[in-house]
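Read the structure below first, then the notes.
The values are calculated or read from the model by the stated rules, or taken from the named source; none is laboratory data. These numbers were taken from a predicted model, which means no experiment stands behind them. All Cβ positions, even for glycine, are placed from backbone atoms using ideal geometry, and neighbour counts span all protein chains on display.
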Amino acid sequence: MSSILFIPLLPLIGFLINGLSFPKLSNPVAGIIGTIPPLAAFALSLQLFLQFDGNTQIVPLLDWISVGELSIPIAFQIDQLSLLMLLIITGVGTLIHVYSSAYMSHDEGFGKFFAFLNLFVFFMLLLVMGSGFVTLFIGWEGVGLCSYLLIGFWNKKNSYGDAARKAFIMNRIGDLGFLIGIFLLFQEFGTATYQEVFEAIKAGNGSNLGLIAFCLFIGAMGKSAQIPLFTWLPDAMAGPTPVSALIHAATMVTAGIYMVIRANVLFEMSPEVLHFVGWIGLATALLGAAIGLFQNDIKKVLAYSTVSQLGYMFMGLGASAYTASFFHVMTHAFFKALLFLGAGSVIHAMSDEQDIRKMGGLKSQLPITYITFLLGTIAIAGIPPFAGFFSKDEILAHLYHHDIVMWALAIVGSALTSFYMFRVFIVTFHGDFRGTQHQADHLHESPIAMTLPLIVLAVLSVIGGIINLPAFVGGNEFLAHWLNPILPEGSHEALEVHFASLEFLAPLAAAFIPAIFAIQLYGSKKAVPAADAEISGIQKIIYDKFYIDEAYNFLFVKPIQFLSQFFYSFIDFLIIDLLVESTGKFVKSSSNELRKLQSGNIGFYIFMMVAAIAIILAWTLKSWIF
Amino acid sequence: MTLPILSLIICIPLLAALVLASGKLKGYAQQISLGASLIQIGLLIKLALGYQTSTATFQWVEQHDWIHFSLGSLGQFVAKYHLGIDGLSFGLIILTGIISSIAIWNSDSIKEKTSSYFALIMLLNASLMGCFLAKDFLLFYLFFEFMLLPMYFLIGIWGGPRKEYASIKFFIYTLAGSLFILLALLALGTSYIDPYETALAIDFIQPGQAFSAENAQMIQTAIANGEIASDKWVHSFDAAVFADLKNCYYKSILHPDSAWVLGNLSAREWAFWLLFIGFGIKLPIVPFHTWLPDAHVEAPTPVSVLLAGVLLKIGAYGWLRFTLPFFPKEALEFSNILSGIGAISIIYGAFNALAMTDLKKLVAYSSISHMGFVLLGIASFTAEGWQGAIFQLISHGVLSSLLFLLVGVIYDRTHDRSIQNYSGLAQIMPAYTFITGLAFFASLGLPGFSGFIGEFFSLMGSFNSQHSSAIWAILGGLGIILGAGYFLWTFQKMFLGKQYLKNSEWLLSDLTRKEKLSLYFLGISSLLLGIFPSIIFNLTDNWVSHLINQLF
């Protein structure tokens, strides 16, 4: 049990050391102190994984809060789901720490960066290891904090600060929904511990389950960037590229999917909410893919692609295909981290240029980046036998049986994905170099600390599919068997797939045809995306992201600013203060008048006294006479 | 005889004030008051060591006869010097002790009339302590009223450019609140009869003799049947007497059967609202809040710290200690309205904070917003909500002190608090940026800090309450989002971005060691309370369940 405690504790210690001693430590020392914790946590997680006997293990930590009849313990839950998440977080996390040690080496905030990364890993581990919704929520908000700190890491630039703030506030909107979900859980079950809640639901207790699931899903919409709370994620690319890879692609943004899988007992009881989840996922997948079509910032394309891929995962959840969705979480962690790190390598070589129109022909100078990026592109496009093909195909297969319309639309999204990924790939690495002479002189392949993680992730992106290789190609469906104990009964039924069917061929066509088209357009014809001013028509609307940010600004930000000014300048200042002050003025002026009575003239006083006695007498006499 | 520790806690600052007022030790004013404050903390530690968390009853009780006068046929009035601490007050007196020392520690910027300044701070400390320690309502009222005096002078003499306006506004608002409370106090005093004192007066028992519940009931019945002459009735101001409806004379105005009605409200309902608003002005609740931003803006930093850190808490303390136990049915009847006022305070304060350009005013409006959670929690009439409300009081005491000290840091250096006049401070003042960031995230309710616990439980209590609508909790929850909005906006504006100072001659040095000490202390306290909230919940748990059982 002690080794379990060390998994989150090590990154926390790393954070404290680097955080407290920054900037006194030299960069290599800070890098080592920062990298060892996730590596050691990975080793411990791997050991746990290999020794796991199939029984859920609860490690009580402390009796955190005990108020009246309410008790909220903090404990860790080690089971099939959390173990896999541990491996992803610490595994991909370690690679990204190694990568960062080279990528950030010229940055003056090096030690601080590693401290924040470690803190992120700590909260992410807390999120997946917690044995109840409250612990999950603590981790959930904690990763939000780290996301804020890391997006705004280069905070001298104001727009980066804007992006960080937007991410935090948008997540907070989702978090309020999540919080209400937790309140409802306490109301219904008196607890928010997974096992107790799910046992109670299985026993048929509790009402309002649909509402609870819906509220929790609002939280997932924020954290996993689904419509309507997705606009923060593309902006979050302001952060250093390793951050985009770790937080905004591989781990944090999949927390929403983790949560739904974790609470599958609850979500299964509310089919209408699952339905909603599926359609939100579909809409997000299509919107993200559409916007991704014409973006020219290499990181923006990947960001919208992440939004879109997260949509696929939610689509899978909507069809109760939990294994398939989690499969995609894993493969996506590999290939999307790879693509981001590859993009980072390109940006590094291009002296911080991110616009693909100013790149081109990088394949000769950056051979390792080129090949690994190509492998990542093939994987995400869904071309067999790469990892992305199997996971996406499994989601599609479930959709086909769940809702044929969703399936067809998902195929469209898949085609868009393939197109924009090959577009980015070709425009960046093929054709002629379009950058400045200065950039051309400095083009170089990245150091080993950066290429090694690329190679490892590329290998995983190629062979990652074996984790859940379907039976019809001779696989043993390891992931499905592994996750089976925590999933609803009957959710693991092998789908029969015929090689010659539409169901099998359509996704393949959607992967290959747009890829060939993009290669034709940007490769053979050497077309270069148009300059900003030349973009027009529908393409401009898409390029400008359907003006969603502007709409939000108009619908929410402006009215809130107006209201706050109105409350302060009008209600507070004019109405309330005017009332208060006029009360004061009334007292003052009336006492000014009354003061005149105190003239100091004794004769006047005596006169008033006699007059008063006369009035009192008259009053008494009145009641006496009548 | 044991040491009268509670009396000492009140007397030591009074003594220090006397010494300071005599003006003989002029150069050492700060040291004397800090010393007195530390002695007080020593006494608090002694209390803490002997404090029993397992009981809800008062501990370290001290009781002496104080005022006794006869009103002929109207009976007799007794007010007692009656002190004690329990789960509600204990956390608050510790907070008062600590925040007072921190305020004194950070009073370096006060250069004029230092002995009077520190004497007034000591008077303020004594009256604050008195408020939290008094068991007798009249005694409480006395301390409550007395508090006004040092505060008025502290703002009016050492305040900023509009100090006269601010201090008068503070004075008038508070006086109005006090009048409301006085009215309720008089109604209570005349309507309730103390069975124990009456028993003494008619020689039913002898002083020192035990007085059982049956005895009390006998006396109550005898009064109701007219067997005891009215000139023998003894009216007291003991809070415990007012908390028992059986002590209410059946012909009195406050009796539930009384036919007295004014504008659809019975006398009890009126008395409830008088107490509620009287204390609400202190908290403050919207729309009785406009004194607070002005008072804060004009008050010197340490006075702001005391005002936000401790003084505001007396409003909520008055509700929990007096208003709810005295008028439980009425409070319950209006719980939905009270929750609404709480939610509006949260939202309204937050919206106003968003509009602020003055950093100190922003913090002041955020205080209003955070105090709204307290009302929301109290109005829920659930154990969680009350626990959350009390927790929020302590948490806000720590965090608002921290925030006001942070404002003071920048004000001391530049005498300018306009948010737009600064940018990129992170590059000049890294330590200051760090602790401000921590304070902001703690205040916006990030888990791990105390603010989260207070808001979480207040909101949960309100959401799950059977007495008030869940809408109010959801509206209050919006305050969390708005809170993130104004804190992060301010942080970005002042600390991030390109370095810019309106006046290039400003010399902005990072925190001194002296500043760091109190800032880090408060920051770490908030973190500790956030990670180990049981520190407070263990104190309040019994008290809250006791009150819940008493009311329902």
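General remarks:
- Among the residues examined, A:D549 does not qualify as in contact with a Ser or Thr (Cβ under 7 Å, 6 or more places away or on another chain) and within 11 Å of another protein chain (Cβ to nearest Cβ).
- For region B:459-469, residues that are among the polar types (S, T, N, Q) and either closer than 14 Å to A:L176 by Cα or facing chain A (nearest Cβ under 7 Å) (or both) total 1.
- One residue from A:K358, A:K363, A:K392 being crowded, with 24+ Cβ neighbours inside 10 Å and farther than 20 Å from A:A236 by Cβ: A:K392
Yes/no matrix, rows are residues, columns are (1) in contact (Cβ under 8 Å) with a residue 24 or more places away in the chain; (2) in a loop (DSSP other than H, G, I, E, B); (3) of a type outside the set (F, W, Y):
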position: A:L86; (1), (2), (3): yes, no, yes
position: A:L95; (1), (2), (3): yes, no, yes
position: A:S100; (1), (2), (3): yes, no, yes
position: A:H106; (1), (2), (3): no, yes, yes
position: A:F114; (1), (2), (3): yes, no, no
position: A:L119; (1), (2), (3): yes, no, yes
position: A:F122; (1), (2), (3): yes, no, no
position: A:L127; (1), (2), (3): yes, no, yes
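- Flag if A:G537 is loosely packed, with under 15 Cβ neighbours inside 10 Å, modelled with pLDDT under 85 and over 20 Å from A:S305 (Cα atoms): yes
- B:W472, sole failed condition from (1) closer than 26 Å to B:S401 by Cβ; (2) away from every other protein chain (no Cβ under 11 Å); (3) at pLDDT 90 or above: (1)
- Residue check, A:I138 among the β-branched types (V, I, T), in a helix (DSSP H, G or I) and either more than 10 Å from chain B (Cβ to nearest Cβ) or touching a residue at least 24 places away in the same chain (Cβ under 8 Å) (or both): no
- A:Y568 vs. criteria within 11 Å of chain B (Cβ to nearest Cβ), surrounded by 10 or more Cβ atoms within 10 Å (Cβ to Cβ), part of a helix (DSSP H, G or I) and aromatic (F, W, Y): yes
- Here region A:56-84 is the region considered, the condition is being part of a loop (DSSP other than H, G, I, E, B) and out of contact with any helix residue (DSSP H, G or I) (no Cβ under 7 Å at 6 or more places or on another chain), and the residue that is nearest to the other protein chains (Cβ to nearest Cβ) is A:E69.
- Among residues of region A:32-49, those that are surrounded by fewer than 17 Cβ atoms within 10 Å (Cβ to Cβ) and more than 20 Å from A:L84 (Cβ to Cβ), counted: 1
- Flag for A:G292 being closer than 30 Å to A:Y522 by Cβ, crowded, with 24+ Cβ neighbours inside 10 Å and under 17 Å from the mean Cα position of the chain (by Cα): no
- Only residues that are not in a helix (DSSP H, G or I) and not aromatic (F, W, Y) were counted in region B:332-378, giving 3.
- Scanning region A:578-598 for residues that are under 56 Å from the mean Cα position of the chain (by Cα) and either small (G, A, S) or not in a helix (DSSP H, G or I) (or both) turns up A:S582, A:G584.
- From A:L266, A:L286, A:L246, residue being buried (at least 24 other Cβ atoms within 10 Å of the Cβ) and in contact with a Leu (Cβ under 9 Å, 6 or more places away or on another chain): A:L246
Yes/no per residue for (1) out of contact with any Phe, Trp or Tyr (no Cβ under 8 Å at 6 or more places or on another chain); (2) surrounded by 11 or more Cβ atoms within 10 Å (Cβ to Cβ); (3) within 12 Å of chain B (Cβ to nearest Cβ); (4) assigned to a helix (DSSP H, G or I):
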residue	(1), (2), (3), (4)
A:F556	yes, yes, yes, yes
A:D572	yes, yes, yes, yes
A:I576	yes, yes, yes, yes
A:G600	yes, no, no, no
A:F607	yes, yes, no, yes
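- A single entry from B:I12, B:I45, B:I39 fulfils the requirement of being of a type in the set (A, V, I, L, M) and closer than 30 Å to B:S545 by Cβ: B:I45.
- Residue among B:V310, B:V286 that alone is crowded, with 22+ Cβ neighbours inside 10 Å and under 18 Å from B:M151 (Cα atoms): B:V310
- Residue match in region B:406-420 (condition: surrounded by fewer than 23 Cβ atoms within 10 Å (Cβ to Cβ), within 11 Å of chain A (Cβ to nearest Cβ) and polar (S, T, N, Q)): no
- Selection count where residues are touching a residue at least 40 places away in the same chain (Cβ under 8 Å), aliphatic (A, V, I, L, M) and surrounded by fewer than 24 Cβ atoms within 10 Å (Cβ to Cβ), scope region A:18-31: 1
- Applying the set (1) under 22 Å from A:N208 (Cβ atoms); (2) within 9 Å of another protein chain (Cβ to nearest Cβ) to B:I453 leaves exactly one unmet item: (1).
- For B:A331, the stated conditions do not hold, so it cannot be described as touching a helix residue (DSSP H, G or I) at 6+ places or on another chain (Cβ under 6 Å) and free of Cβ contacts under 8 Å to residues at least 40 places away in the same chain.
- On inspection, A:G288 qualifies as of a type outside the set (S, T, N, Q) and closer than 30 Å to A:N264 by Cα.
- Residue within region B:504-516 that is in a helix (DSSP H, G or I), among the basic types (K, R) and closer than 19 Å to B:S366 by Cβ present: no
- Single match in B:F487, B:F552, B:F521 (criterion: over 22 Å from the mean Cα position of the chain (by Cα) and farther than 26 Å from B:F322 by Cβ): B:F487
- Qualifying residue in region A:159-170 (condition: surrounded by fewer than 24 Cβ atoms within 10 Å (Cβ to Cβ), closer than 29 Å to A:L487 by Cα and within 11 Å of chain B (Cβ to nearest Cβ)): no
- Scanning region B:83-116 for residues that are out of contact with any helix residue (DSSP H, G or I) (no Cβ under 6 Å at 6 or more places or on another chain) and under 14 Å from B:P150 (Cβ atoms) gives B:K113, B:S116.
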